[in-house]
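This report refers to the structure that appears directly beneath it.
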Amino acid sequence: MGEFSEGSAGEGGRPETVPCASEPAGEWPRAVARIRARRTQEPDRDGIWPVRHWRGHLSLPVSYWLVGWFAAFCAFLLGSGLAAVGANSRHPLVILSTMVGVWSLILLLTVWHLVGVWRSSSRTGRERGTRFWPRAAKGMVVLGAIANAATLVGTAFPQMADMAVYAAGDPGQGPRGVRILHGGTEIEVIGFFSFGLAEEFRAALDRSPQARVVHLASPGGRLSVGLDIRDEIRRRGLDTFVATGCHSACTVAFLGGRSRSLTAGAKLGFHQAQFAGSALGPFLDPMRRAYEEDGLEDAFIEQAMRSPPTELWYPSEAELLAAHVATSTVPIGRFALSGFGIEPDTERFRSDLRALPGYRELAAADPAGWQAAAAIWTRAIEEGWTAPEAAAGARSQFVRSVRRLAPTASDGAVTALARVRVDEARLLGPKDPETCWALLTGEKPVKVGSYLPPALVDDETSAQVRVLAEAGSSPAAGPRDDPAAAEQLLSLALRRARLDPSMIESALGPAGAHADYCSSIASLYDAALSLPPAQAGGALRFLASRS
């Protein structure tokens, strides 16, 4: 029989087979069948090897081992690339699109490898008549398919779902945002570090170019957001401050501060990073790289990296200062009040405030005064005042309430208060008469810590609390508290001290000069305190009723 050759493509794009002249025309279909059978039985040596593997034309050892190693290596490269993108990209949509592409390629690569091994196993069994190795290879293919399906379900799908949640702003992580504090001089970043928070932070800084301090109060969140906030803090040369807690990605933002301050009791929490639910290796961990870029000591970083993503390591204050994570610890009044959340729970704060000594007695003795003092603290939290500013406003209300209630307090209470007022007047009156008048009358807020020693501030607080607690223990009228008798006793005491009794009217009247107020009050209280104890209380209550 003659030779068979393939001619040019005929109708439909298929090559036409033309019999040689020596072969009868009726024999060419049988020739075609023989060629097709030969091609089925013999591996295709003309195609490229990926196609030959897919068709099962490679030997079983080559398909299983060599191609398997190649597929595993390609999957490793794709996975490493995905991890690198996830660790370095700062946009969730970029990460999500990369994930979809990479996992699709890994899936195609896996299917290509497993199908090729299955077909090669079938062909090997038919051609060689052996059963063990082909069946073993098919068994491994089944196990590989199950393992890869588990990877898709346990890793790929959760990763892509996590990135979708990230792109949506992590809506399940609670309220977060940015607050402008203290007239725009300070900014607070609050809550979970989610997509969009860095942009909100930049916008707040643009609206408040005078801001110099960034408060951080966050459980952590997305590392890319922490890096964006850190870079913005560093670019503008701002300081950072933590009043309550700053954990995980928040610590990266904290390290961007020119100076980095903590209050006593504030916590910084460190741990390894995680990428879409999976812990990263030490060479890919972006948290480690961020800490290295910020110049933290190797020993500190190693300790931080020992904590898995689900746990936190809280260094002590000494450790934070020694590692230059924090540059200083500051009193709570140094910066604006913060750490109360994006929408402060003022009712809960009022409840906590009312339980404190002093405020408890104020609420019981003067409900209206308590409401006024609580309103001052509420406004301070909402607007971001400093603690001394809030305390000064609340103290003014305390002084006014005490002055109103002192005429009904016990002898011991008014005596203790008078001695404190004399000390305050003698100390502050000669230096700053106007501030002394405001401090004693409560007509204007005064930051007493800036003018009085701590011991005297404590004495004042104790005396005021005693007056509030004992208000009502002395009758409003009676023989010992007769106003005319009390005034007469006080006048006699002033004459004995060679002072003019008319100073009572000039000092305590509505037209009294602020410049002379403190010196006059000190003289009046001294005169009253010089009376016998049984008479001093009435005289002091008289003075309180006139002031």
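The values are calculated or read from the model by the stated rules, or taken from the named source; none is laboratory data. Source: prediction; values computed, not measured. With ideal geometry, Cβ positions are generated from the backbone for all residues, glycine too; neighbour counts draw on all protein chains shown.
Taking the conditions exactly as written (within 30 Å of D228 (Cα to Cα), in contact with a Gly (Cβ under 6 Å, 6 or more places away or on another chain) and either in contact (Cβ under 8 Å) with a residue 60 or more places away in the chain or small (G, A, S) (or both)), does P158 satisfy them or not?
On the way: within 30 Å of D228 (Cα to Cα): yes; in contact with a Gly (Cβ under 6 Å, 6 or more places away or on another chain): yes; either in contact (Cβ under 8 Å) with a residue 60 or more places away in the chain or small (G, A, S) (or both): yes.
Judged against the criteria, P158 is a match.
Restricting to segment 288-341, and then to whatever is among the aromatic types (F, W, Y) and out of contact with any Pro (no Cβ under 8 Å at 6 or more places or on another chain), can you tell me which residue is surrounded by the fewest Cβ atoms within 10 Å (Cβ to Cβ)? Steps first, please.
First, pick out the residues of segment 288-341 that are among the aromatic types (F, W, Y): 291, 300, 313-314, 335, 340.
Applying the additional criterion that residues be out of contact with any Pro (no Cβ under 8 Å at 6 or more places or on another chain) yields 291, 313-314, 335, 340.
On the way: Y291: 23, W313: 16, Y314: 13, F335: 24, F340: 20.
This residue is Y314.
Here is a yes/no grid of residues against (1) surrounded by fewer than 20 Cβ atoms within 10 Å (Cβ to Cβ); (2) touching a residue at least 24 places away in the same chain (Cβ under 8 Å); (3) out of contact with any Leu (no Cβ under 6 Å at 6 or more places or on another chain):
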| site | (1), (2), (3) |
| --- | --- |
| A365 | no, yes, no |
| R395 | no, yes, yes |
| A406 | no, yes, yes |
| A409 | no, yes, yes |
| L427 | yes, yes, yes |
| V446 | no, yes, no |
| E460 | no, yes, yes |
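How many residues are closer than 19 Å to G226 by Cβ and in contact with a helix residue (DSSP H, G or I) (Cβ under 9 Å, 6 or more places away or on another chain) if we restrict to segment 174-187?
From segment 174-187, those closer than 19 Å to G226 by Cβ are 174-179, 187; that's our starting set.
Adding the requirement that they be in contact with a helix residue (DSSP H, G or I) (Cβ under 9 Å, 6 or more places away or on another chain) leaves 176-179, 187.
Final tally of qualifying residues: 5.
Output the number of residues of segment 91-147 satisfying the condition of being farther than 16 Å from V62 by Cβ, of a type outside the set (A, V, I, L, M, F, W, C) and touching a residue at least 60 places away in the same chain (Cβ under 8 Å).
Here the count works out to 2.
Please go through segment 494-519 and pick out each residue that is at pLDDT below 85, small (G, A, S) and part of a helix (DSSP H, G or I).
S506, A507, A515
Within segment 203-257, which residues are farther than 27 Å from S307 by Cα and among the small types (G, A, S)?
A203, A204, S208, A211, G237
Among R334, R354, which is in the same structural domain as T386 (by TED's automatic domain parsing) and either more than 18 Å from G384 (Cβ to Cβ) or of a type outside the set (D, E) (or both)? Give the steps one after another, and end with the answer.
Details: R334 fails: in the same structural domain as T386 (by TED's automatic domain parsing).
Residue meeting the stated conditions: R354.
Just wondering, is there one or more residues in segment 292-304 that are under 15 Å from the mean Cα position of the chain (by Cα), farther than 24 Å from M163 by Cβ and not aliphatic (A, V, I, L, M)? Steps first, please.
The initial filter retains those residues of segment 292-304 that are under 15 Å from the mean Cα position of the chain (by Cα), namely none.
No: zero hits.
Looking only at segment 338-355, which residues are closer than 20 Å to I190 by Cβ, polar (S, T, N, Q) and either more than 20 Å from the chain's Cα centre (by Cα) or assigned to a helix (DSSP H, G or I) (or both)? Outline the logic, then answer.
Residues of segment 338-355 closer than 20 Å to I190 by Cβ: 338-349, 352.
Pick out the ones that are also polar (S, T, N, Q) and you get 338, 346.
Once the filter is applied, which keeps residues that are closer than 20 Å to I190 by Cβ, polar (S, T, N, Q) and either more than 20 Å from the chain's Cα centre (by Cα) or assigned to a helix (DSSP H, G or I) (or both), segment 338-355 yields only T346.
Would you call A161 at pLDDT below 95 and either more than 25 Å from I95 (Cα to Cα) or of a type in the set (A, V, I, L, M) (or both)?
Yes, satisfied.
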